[in-house]
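S.K.: Quick one: this structure, given as structure tokens, is what I'll be asking you about.
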Amino acid sequence: MPRYLISFEKDAMDHIREEDFPEVTKAASAVCQEAEDAGVFVFSDGLSYDDGDVEHAVVAVDGMVTDGPYPESKELIGGIFVVDVPTREAALEWAAKVAVACRCAQDVRKFRGPAGV
């Protein structure tokens, strides 16, 4: 089955009040559990952009390493949810569940598949 990346931008959840985050976390965890129970869950996580976080780096083709985003980046990914589903429509259904849980719009993209295929 094809895999789909469901993601949202880094600042997409900035409108959520801090006291509401436990509820959002619980809702997002429930969607992950539902996907796992359905046998379509592959992976899900949020990306760290904490001040001083040096986990984000760009490695150029010449091997030069630069901390931070790629210079031409206009948007950064805030979180991802990967599902293995039979159709685009199924991926969109999961994206809708993630959007409700995370309280933000989701981008849906299909992976090409194994290299060389």
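S.K.: What FRET efficiency, computed as 1/(1 + (r/R0)^6) with R0 = 22 Å and r the Cβ-Cβ distance, is obtained for Ala99 and Ser48, rounded to the nearest 0.05?
M.R.: 0.50
S.K.: Helix-only mean residue ellipticity at 222 nm, the chain, DSSP H runs n ≥ 4 weighted -39,500 (n - 2.57), per residue, nearest 500. What is it?
M.R.: Theoretical 222 nm ellipticity from helices: -9000 deg cm²/dmol.
S.K.: Here is a further query. Mind giving me the nanometre distance, one decimal, between the label points for Arg88 and Asp20, set 7 Å out from Cα along Cα→Cβ?
M.R.: Computed distance between label sites Arg88 and Asp20 equals 3.1 nm.
S.K.: Could you please report the charge total around Val24, scoring K, R as +1 and D, E as -1 over all other residues with beta-carbon less than 11 angstrom from its beta-carbon?
M.R.: Computed value for this residue: -1.
S.K.: Let me ask another. Can you give the extra length, in nm with one decimal, that the chain gains between Asp11 and Ala57 once fully stretched, where that is 0.36 nm per residue apart less the Cα-Cα distance?
M.R.: 14.7 nm
S.K.: Still on this model: Take each of the peptides 23-36, 77-90, average the number of other beta-carbon atoms within 10 Å over its residues, and list them starting from the highest.
M.R.: 77-90, 23-36
S.K.: Let me ask something else about it. If one computes P(r) from the Cα atoms of the chain, what percent of pairs lie at distances over 21 Å?
M.R.: 46 percent
S.K.: Relative contact order for the chain: what is it in percent, counting Cα pairs under 8 Å that are at least 6 residues apart?
M.R.: After rounding, I find 50 percent.
We did not get these values from a lab; they are worked out from the coordinates using the rules stated. All figures in this text were calculated on a predicted structure; none of them were measured in a lab. Neighbour counts are summed over all protein chains in view; Cβ atoms, including those assigned to glycine, are modelled from backbone coordinates with ideal geometry.
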